[in-house]
Amino acid sequence: MIATAPVRDYSLYFEHRPEYLYVRVDAEDVSYETTRRYWNEIIAMEHRRHYTRILVDNDIANELPTTDLFTIVSDLAYAGLHGVTFVVHPRNYDADACEFEEMVGSNRGLRLKVCGSLDHAQMCAESM
């Protein structure tokens, strides 16, 4: 029997900055499964390096449906990351979707900020 790894349909870049972990996610198309896989990698890096602040800069062409976004944020909130602040900068910023994402996270105790610009996201990651 031959075991095969799933094809990675996204790329991740980690940069260890003095104040926080910077993560760049690039994908042509995203699904719940893809999003779950890259968040698992981000969480694994946090567990290895014990960051308290993570900035995720994502350049993804499409948005997740609201139900999938709700599930991902809820899963992230229950992933044992108490004390970790997440700042997310979606390159395809949608104010309504981002407000929903923040609300779901904060209602579950997740420290999450979604920013419309990379400069604002960096400022938040450095100061939160």
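Which residues, taken from segment 56-92, are part of a loop (DSSP other than H, G, I, E, B) and either more than 20 Å from Ser11 (Cβ to Cβ) or under 11 Å from the mean Cα position of the chain (by Cα) (or both)? Let's see the steps before the verdict.
From segment 56-92, those part of a loop (DSSP other than H, G, I, E, B) are 61-65, 78-84, 91-92; that's our starting set.
Those that are part of a loop (DSSP other than H, G, I, E, B) and either more than 20 Å from Ser11 (Cβ to Cβ) or under 11 Å from the mean Cα position of the chain (by Cα) (or both): Pro65, Tyr78, Ala79, Gly80, Leu81, His82, Gly83, Val84.
How many of the residues in segment 10-33 are of a type in the set (Ser, Thr, Tyr) and in a loop (DSSP other than H, G, I, E, B)? It would help to see each step written out before you state the result.
Initial filter on segment 10-33 (of a type in the set (Ser, Thr, Tyr)): 10-11, 13, 20, 22, 31-32.
Now narrow it down to the ones that are in a loop (DSSP other than H, G, I, E, B): 10, 20, 31.
Within segment 10-33, residues that are of a type in the set (Ser, Thr, Tyr) and in a loop (DSSP other than H, G, I, E, B) number 3.
Within segment 95-120, residues that are in contact (Cβ under 8 Å) with a residue 24 or more places away in the chain and on the phi < 0 side of the Ramachandran plot reach partners that are of a type in the set (Phe, Trp, Tyr) and buried (at least 20 other Cβ atoms within 10 Å of the Cβ) with beta carbons closer than 8 Å, at six or more positions or on different chains, in the pairs Gly105/Phe86; Leu110/Phe86; Arg111/Phe86; Leu112/Phe86; Lys113/Phe86.
Restricting attention to segment 3-51 and to residues that are within 19 Å of His120 (Cα to Cα) and more than 14 Å from the chain's Cα centre (by Cα), the residue that is surrounded by the fewest Cβ atoms within 10 Å (Cβ to Cβ) turns out to be Pro18.
Counting only residues that are part of a helix (DSSP H, G or I) and under 15 Å from the mean Cα position of the chain (by Cα), which one in segment 104-128 is nearest to Asp59 (Cα to Cα)? Of everything passing the filter in segment 104-128, Leu118 is nearest to Asp59 (Cα to Cα).
Of all residues in segment 34-55, one or more are at positive phi and in a loop (DSSP other than H, G, I, E, B). Taking each residue of segment 48-69 that is closer than 22 Å to Gly83 by Cα and touching a residue at least 12 places away in the same chain (Cβ under 8 Å) and looking for partners that are hydroxyl-bearing (Ser, Thr, Tyr) and part of a helix (DSSP H, G or I) with beta-carbon atoms closer than 7 Å, six or more apart or interchain, yields nothing. The residues of segment 104-128 that are closer than 14 Å to Asp75 by Cα and surrounded by fewer than 14 Cβ atoms within 10 Å (Cβ to Cβ), listed by number, are Asn107, Gly109. Looking across Leu64, Leu112, one residue alone is touching a Gly at 6+ places or on another chain (Cβ under 7 Å) and of a type outside the set (Gly, Ala, Ser). It is Leu112.
Any read-out appearing in this document is the output of simple, stated calculations on the displayed coordinates, not a laboratory observation. Not measured: the values here are computed from a predicted model. As a convention, Cβ positions derive from the backbone with ideal geometry for all residues, glycine included, and neighbour counts pool all protein chains shown.
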